[in-house]
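The values are calculated or read from the model by the stated rules, or taken from the named source; none is laboratory data. Keep in mind the model is a prediction, meaning the values are calculated, not measured. Here the Cβ positions follow ideal geometry from the backbone for every residue, glycine too, while neighbour counts run over all protein chains shown. For accessibility, only protein heavy atoms count, side chains too; no ligands or nucleic acids. Shrake-Rupley method; radii C 1.70, N 1.55, O 1.52, S 1.80 Å.
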Amino acid sequence: MILSFFLFFLISLMILFSTIGYGLVATKFLKFENFNYNYGLVGFLGLFILSILASLTHLLTPHNYIHNILVILIGVTSLIAIDRKKFERLKYILIVFVLLFICILIAKNNEDFGYYHLPNSLQFAQQKLQFGLGNFNHGFKHISSLFMLMSLNYLPIFEYYIFNVTNFLFLTFLVSFVLIEIYLRNKINLNLTNLILCMFLTLFLAKFSRLAEYGSDISGQIIIAIYFFYLLEFFYNKKIDLKNRINYLKISIIMITFAISLKFISVIYAVLILSLLISVKKKKIFLKLLKINFIFLIFSSLSLFILLNFSATGCLIYPVERLCFSEKFNWAISSETVKYLNLYYEVWAKGGAGPGFGIEDQEKYVLYLNWITNWFKVYFIGRFSDYILVTILILIIFISFFYKDIFLLKNKS
């Protein structure tokens, strides 16, 4: 028992180091060296790079023991080679990692883990790219870069039992990012964006206190929180120079791209950055974004995500019917199935279907506002309402403790 615990801790630690190593490679590749002070951000960049690498290698080979051990060793080697300060910056993230490690030991799996997280991750680990898998299992229709990252944890002895270390890394990097950004970089000098960052962290720790809550939705929301932070810094922090502001914008674009690959519904948040970019009148800002290395990463992430969707379902974006090629490929999901599931997902989102119940006339149910009353009973009361109440409570607490800082910030603006 003690030996198993030690091995589990050691492997998790190696995965952490490896991910940070790939993050440091990303900072070199994108010339983000000024952001190396925050290994929380470096960790998120590492996860982004690994999601691209895993998607790319999946085209050629399964993520078996040999593949994954090599990936980890390359990441750890990169950390040793790039971090020339004797790992001084690692101590903060290591403290967070050790303190939170108990969470992964006592946590249960997400309720969707056995449904489609595990089948997809295990498929990526044991097989290379295959076409038409969506026909065999409903879970195979749902593609996420989270499952690609999980498949990289398929290692000897533990096999798929350490897949959820990936979700644990998202939590570790979030806590580390916020603490380092506020208490080390700013020396407890709170500003509006830092207050918002604290609220994000409190919300995630309060509402999503178990790893069981960390499916592809929550991992994506964590990335969205980082996206919002750097977007706000870009537009409202006038103390930073133009070069760093451009880098903040680049990080925001990377984060929203990563979030989309985790859960496509996150694309709705891209509207914010597009609308804000339209309002920017400086053309040189756009020209600074046209860097080959930056565009290459964004294009690679999105194109691989689309390719994997297509290989599983025959749809560029599942289940958007117009982007499906059901009639052109015999392995693709039939158009009837796509239409049925598209309607079912809409009914489910509007509270008309779920475990043990379902509305009979689905097409009529989703028309106009027929669904509002039932949605309010099924989803709002007890689910969405809890989320809102927790958010309001956190807002009240922060306003109570930091109203002077908020008042001063408001007067300065």
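So, in the stretch 1-14, exactly how many residues are open to solvent by 10 Å² or more (accessible area, probe 1.4 Å) and within 20 Å of F44 (Cα to Cα)? Spell out the reasoning first.
Our first condition is that a residue be open to solvent by 10 Å² or more (accessible area, probe 1.4 Å); within the stretch 1-14, this holds for 1-11, 13-14.
Checking the rest, the ones that are also within 20 Å of F44 (Cα to Cα) come to 11, 13-14.
Matching residues across the stretch 1-14 total 3.
Can you pull out every residue in the stretch 48-69 that is assigned to a helix (DSSP H, G or I) and over 24 Å from the mean Cα position of the chain (by Cα)? Matches in the stretch 48-69: Y65, I66. Is it the case that the stretch 326-347 has a residue that's β-branched (V, I, T), in a helix (DSSP H, G or I) and out of contact with any Pro (no Cβ under 8 Å at 6 or more places or on another chain)? Taking every residue of the stretch 326-347 in turn, at least one turns out to be β-branched (V, I, T), in a helix (DSSP H, G or I) and out of contact with any Pro (no Cβ under 8 Å at 6 or more places or on another chain). Residues in the stretch 194-246 that are open to solvent by less than 10 Å² (accessible area, probe 1.4 Å) and hydroxyl-bearing (S, T, Y) were compared, and the one that is modelled with the highest pLDDT is Y227. For the stretch 34-45, a residue qualifies if it is within 22 Å of I15 (Cα to Cα) and either β-branched (V, I, T) or open to solvent by 10 Å² or more (accessible area, probe 1.4 Å) (or both), and the qualifying residues are N36, Y37, V42. Of all residues in the stretch 147-154, one or more are in contact (Cβ under 8 Å) with a residue 12 or more places away in the chain, touching a Pro at 6+ places or on another chain (Cβ under 9 Å) and among the polar types (S, T, N, Q). Taken as a whole, the stretch 399-412 holds no residue that is assigned to a loop (DSSP other than H, G, I, E, B), open to solvent by 70 Å² or more (accessible area, probe 1.4 Å) and modelled with pLDDT under 70. Taking the criterion of being open to solvent by 40 Å² or more (accessible area, probe 1.4 Å) and either farther than 12 Å from M14 by Cβ or within 23 Å of the chain's Cα centre (by Cα) (or both), the residues of the stretch 70-79 that qualify are L70, I74. F296 meets each of the listed conditions (1) of a type outside the set (A, V, I, L, M); (2) buried (at least 17 other Cβ atoms within 10 Å of the Cβ); (3) modelled with pLDDT of 90 or more apart from (2).
Restricting attention to the stretch 131-171, the residues that are of a type outside the set (A, V, I, L, M, F, W, C), over 13 Å from the mean Cα position of the chain (by Cα) and open to solvent by less than 30 Å² (accessible area, probe 1.4 Å) add up to 8.
Conditions tested, residue by residue: (1) among the polar types (S, T, N, Q); (2) in contact with a Ser or Thr (Cβ under 7 Å, 6 or more places away or on another chain); (3) at pLDDT below 80.
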{"site": "F310", "(1), (2), (3)": "no, no, no"}
{"site": "C315", "(1), (2), (3)": "no, no, no"}
{"site": "Y318", "(1), (2), (3)": "no, no, no"}
{"site": "S326", "(1), (2), (3)": "yes, yes, no"}
{"site": "I333", "(1), (2), (3)": "no, yes, no"}
{"site": "K350", "(1), (2), (3)": "no, no, yes"}
{"site": "G354", "(1), (2), (3)": "no, no, yes"}
{"site": "F357", "(1), (2), (3)": "no, no, yes"}
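Would you mind stating whether I268 is open to solvent by 50 Å² or more (accessible area, probe 1.4 Å), modelled with pLDDT of 80 or more and in a helix (DSSP H, G or I)? It is true that I268 is open to solvent by 50 Å² or more (accessible area, probe 1.4 Å), modelled with pLDDT of 80 or more and in a helix (DSSP H, G or I). Against the test of being charged (D, E, K, R) and either surrounded by 22 or more Cβ atoms within 10 Å (Cβ to Cβ) or within 23 Å of the chain's Cα centre (by Cα) (or both), the options K28, K91 yield a single qualifying residue, K28.
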